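For reference, the structure is listed below as structure tokens.
No value in this document is a laboratory result; all are computed from the given coordinates. Small disclaimer: the values here were computed from a predicted structure and weren't measured. Here the Cβ positions follow ideal geometry from the backbone for every residue, glycine too, while neighbour counts run over all protein chains shown.
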Number of protein chains: 2
Amino acid sequence: MKPETDARITDTRKKILDLAEALMLSRGFNAFSYQHISAELGVRNAAIHYHFPKKSDLGVALIERYCRRFERFTQAQAELSPSEQLEQYFELADRYFGQQQICPSGILSAELQTLPDDMRQQTQAFVALMRGWAADIVRRGRDVGVMHYPGSAEGMGDVVFAAMQGALQLARFDQQALQSVKLQIRQLLGCQ
Amino acid sequence: MKPETDARITDTRKKILDLAEALMLSRGFNAFSYQHISAELGVRNAAIHYHFPKKSDLGVALIERYCRRFERFTQAQAELSPSEQLEQYFELADRYFGQQQICPSGILSAELQTLPDDMRQQTQAFVALMRGWAADIVRRGRDVGVMHYPGSAEGMGDVVFAAMQGALQLARFDQQALQSVKLQIRQLLGCQ
DNA sequence: GACACCTTACTGACCAGTAAGTAGAGTCGC
DNA sequence: GCGACTCTACTTACTGGTCAGTAAGGTGTC
């Protein structure tokens, strides 16, 4: 009966978000239902609706959390070198892969046409964040002389971002594809 | 009453496949129903089930058609130079983009976890085809001296394939992303 | 007694899939 | 050249399941 043991900290809302996140990244937003969450959580369907009245509310909350998390992620490694930042991004992808998941921007853009309007706008903001960050890394990498590539930093950032998103999807068929793409990007950037 | 005028050629089965293809590439396989097709076609729902008893039959037929079409596509340009072949692949992506669609391998790998088994296997074969072809182009490009890149042809092929798949998804938010990625890939390969 | 956080119980929409019937066109025996 | 048969390509009518979403009630806590 210690106050630490009754896990008040982990409230239902957060559990819902965590479960929804895992479901979205493996099955897609349209392909999971409130039933999937409530069954796993041991509550009734309507409990989910209490926290997130519409499914799009849940979706928007998910993407907002991604944005916040991603901004914390980039801020936390603002002091790292560009090549270290690139490796951090690769590790992020490894984590998704380890859980049979794909990139959130990947699933969201694939399903974009069927997403509710509010989710679509949030997705756009999230993709812009990730895209801008990839461009930042390779721009600063070239500025400090550790990365070398032709063309613009925006173009190279887009290639890195798109290739990693594609690689996570490719990795669903061939486990080695992710490693292969990571290695090739390092070589294309001339770092390591 | 000429025998040519009563368009017997365009049979329902092909119309179903064409409509299903467009729906899958824009909405995804799980997000379209037989209703979508039958309403557009002016027939009843069960008419679709006559041609494709299960939805997975329709899905498998779709991917099989992709495989056949893609093999014809690659055979037709076997004589072209590697850089011309690359441009042909880019034009393929442009066509998808022009119809607000994404790459079939993109949507199928995103939805993979929710696809029926037979579709999953077909998808794997299709992805292997496209992936092998991308590697072939850059391998032959390097062999004849018009493309230059570090690392293996397989790695570079994977990057090109994954980047183009990702670029089509990115292009749903920013129209210029596709052009940007295409240009950057050309520059990375040192051709043009 | 007010509020947060659930519950039970329900609605209406949509979905894949099935069963049975039918219209028309082609084929065969005679 | 005509009825009987058969096959293709549908139709109508239905089932059972899943879904998001709602309304109203309960329960514990402050």
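Consider residue A:61 carefully, then state whether it is surrounded by fewer than 22 Cβ atoms within 10 Å (Cβ to Cβ), away from DNA strand C (no atom under 16 Å from the Cβ) and either of a type in the set (Gly, Ala, Ser) or not in a helix (DSSP H, G or I) (or both). It is false that residue A:61 is surrounded by fewer than 22 Cβ atoms within 10 Å (Cβ to Cβ), away from DNA strand C (no atom under 16 Å from the Cβ) and either of a type in the set (Gly, Ala, Ser) or not in a helix (DSSP H, G or I) (or both).
Among the residues of region A:19-51, the ones that are assigned to a helix (DSSP H, G or I), more than 8 Å from DNA strand D (Cβ to nearest atom) and within 14 Å of chain B (Cβ to nearest Cβ) come to 6 in all. The set of residues in region A:155-178 that are more than 7 Å from chain B (Cβ to nearest Cβ) and either of a type in the set (Lys, Arg) or not in a helix (DSSP H, G or I) (or both) comprises A:171, A:174, A:175. Looking at B:147, B:119 in this structure, which one is in contact with a Leu (Cβ under 7 Å, 6 or more places away or on another chain) and either in a loop (DSSP other than H, G, I, E, B) or within 16 Å of DNA strand C (Cβ to nearest atom) (or both)? Among B:147, B:119, only B:147 is in contact with a Leu (Cβ under 7 Å, 6 or more places away or on another chain) and either in a loop (DSSP other than H, G, I, E, B) or within 16 Å of DNA strand C (Cβ to nearest atom) (or both). Being closer than 29 Å to residue B:176 by Cα, among the β-branched types (Val, Ile, Thr) and more than 14 Å from every other protein chain (Cβ to nearest Cβ) holds for only one residue in B:74, B:123, and it is B:74. Among the conditions (1) under 13 Å from the mean Cα position of the chain (by Cα); (2) surrounded by fewer than 16 Cβ atoms within 10 Å (Cβ to Cβ), residue A:77 misses just one, which is (1).
Residue-wise test of (1) without any contact (Cβ under 8 Å) to a residue 12 or more places away in the chain; (2) under 30 Å from residue B:186 (Cα atoms).
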position	(1), (2)
B:35	yes, no
B:50	yes, no
B:55	no, no
B:85	no, yes
B:90	no, yes
B:102	no, yes
B:110	no, yes
